[in-house]
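**Q** Sending over a structure as structure tokens; questions will come in a sec.
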Amino acid sequence: MIVIHHNPDCGTSRNVLKIIQDSGYSPVVIEYIKEGWTKAQLQGLLAAADLTPRQALRTTKSPAEALGLLDERVSNETIFSAMLEHPILVNRPIVCSPKGVKLCRPSETVLDLLECWPQGPYYKEDGQQILDTLGQRFISSI
């Protein structure tokens, strides 16, 4: 089973969901911005992904700056509490699979969590190629 903590307004999150689906999986999709987090759920997710609240903090297109969370003196506990109150502060998407839990940025990092990949060549929604014609990770020559 694969679970994606997803924001449909985020291009990276949409790419990750599409990669998962195009790989043949039917993931559980949790729109965490609508559903929010419980303290135990967010603690467990961050621990499983080996992330501190500061590492998981979405610093752009979020209220992080307005809430004063970008100052390096702000504690992880304060950031965590703010994440519970403002779910948008958690960077996305976070994917859980039998192979582990990861913050999948850039979106092709989700491949590390999947047993099966989409057929290649494969492109993200912005046109960037991530798999070659053989279905292997695409390495740009640029």
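The values are calculated or read from the model by the stated rules, or taken from the named source; none is laboratory data. A quick note: this is a predicted structure, and the numbers were derived from the prediction, not measured. For neighbour counting, all protein chains shown are included, and Cβ atoms are generated from backbone atoms with ideal geometry for every residue, glycine included. These accessible areas exclude ligands, DNA and RNA; they are computed on the full protein's heavy atoms, side chains included. Shrake-Rupley method; radii C 1.70, N 1.55, O 1.52, S 1.80 Å.
**Q** Got at least one residue in region 95-107 being touching a strand residue (DSSP E or B) at 6+ places or on another chain (Cβ under 7 Å), closer than 14 Å to Arg137 by Cβ and surrounded by 16 or more Cβ atoms within 10 Å (Cβ to Cβ)?
**A** Scanning region 95-107 turns up no residue that is touching a strand residue (DSSP E or B) at 6+ places or on another chain (Cβ under 7 Å), closer than 14 Å to Arg137 by Cβ and surrounded by 16 or more Cβ atoms within 10 Å (Cβ to Cβ).
**Q** For region 60-107, give me the residue count where each residue is without any contact (Cβ under 8 Å) to a residue 24 or more places away in the chain and of a type in the set (S, T, N, Q).
**A** 4
**Q** May I pose another question? Which of the residues that make up region 86-108 are of a type in the set (S, T, N, Q) and within 9 Å of the chain's Cα centre (by Cα)?
**A** Asn91, Ser107
**Q** Quick one: would you say Gly68 is at pLDDT below 95, part of a loop (DSSP other than H, G, I, E, B) and not charged (D, E, K, R)?
**A** On the way: at pLDDT below 95: no; part of a loop (DSSP other than H, G, I, E, B): yes; not charged (D, E, K, R): yes.
Here the answer is no, as Gly68 does not meet what is asked.
**Q** Check off (1) open to solvent by 80 Å² or more (accessible area, probe 1.4 Å); (2) outside any helix (DSSP H, G or I) for Gln43 and give me the number that stays unchecked.
**A** Result: Gln43 passes all but (2).
**Q** Consider only pairs whose beta carbons are under 6 Å apart and that are at least six residues apart or on different chains; among these, list those whose first residue lies in region 27-56 and is more than 15 Å from Glu85 (Cβ to Cβ) and whose second residue is open to solvent by 30 Å² or more (accessible area, probe 1.4 Å) and assigned to a loop (DSSP other than H, G, I, E, B).
**A** No pair meets every condition.
**Q** In addition: Taking Ala56 and the conditions (1) surrounded by fewer than 20 Cβ atoms within 10 Å (Cβ to Cβ); (2) at pLDDT 95 or above; (3) among the hydrophobic types (A, V, I, L, M, F, W, C), which numbered condition does it fall short on, given that it satisfies the others?
**A** (1)
**Q** Further question: Going through region 120-133 one residue at a time, which ones are surrounded by fewer than 18 Cβ atoms within 10 Å (Cβ to Cβ), out of contact with any Lys or Arg (no Cβ under 7 Å at 6 or more places or on another chain) and touching a residue at least 24 places away in the same chain (Cβ under 8 Å)? Can you show your working first?
**A** From region 120-133, those surrounded by fewer than 18 Cβ atoms within 10 Å (Cβ to Cβ) are 120-121, 123, 125-129, 132-133; that's our starting set.
Now restrict to residues that are out of contact with any Lys or Arg (no Cβ under 7 Å at 6 or more places or on another chain): 120-121, 123, 126-129, 132-133.
Asp126, the sole residue that qualifies.
**Q** I'd like the residue in region 4-19 that is over 12 Å from the mean Cα position of the chain (by Cα) and in contact (Cβ under 8 Å) with a residue 40 or more places away in the chain and, out of all such residues, is surrounded by the most Cβ atoms within 10 Å (Cβ to Cβ).
**A** Residues of region 4-19 that are over 12 Å from the mean Cα position of the chain (by Cα), as a first pass: 9, 18-19.
Now drop any that are not in contact (Cβ under 8 Å) with a residue 40 or more places away in the chain, which leaves 18-19.
Working: Lys18: 16, Ile19: 25.
Per the criteria, the residue is Ile19.
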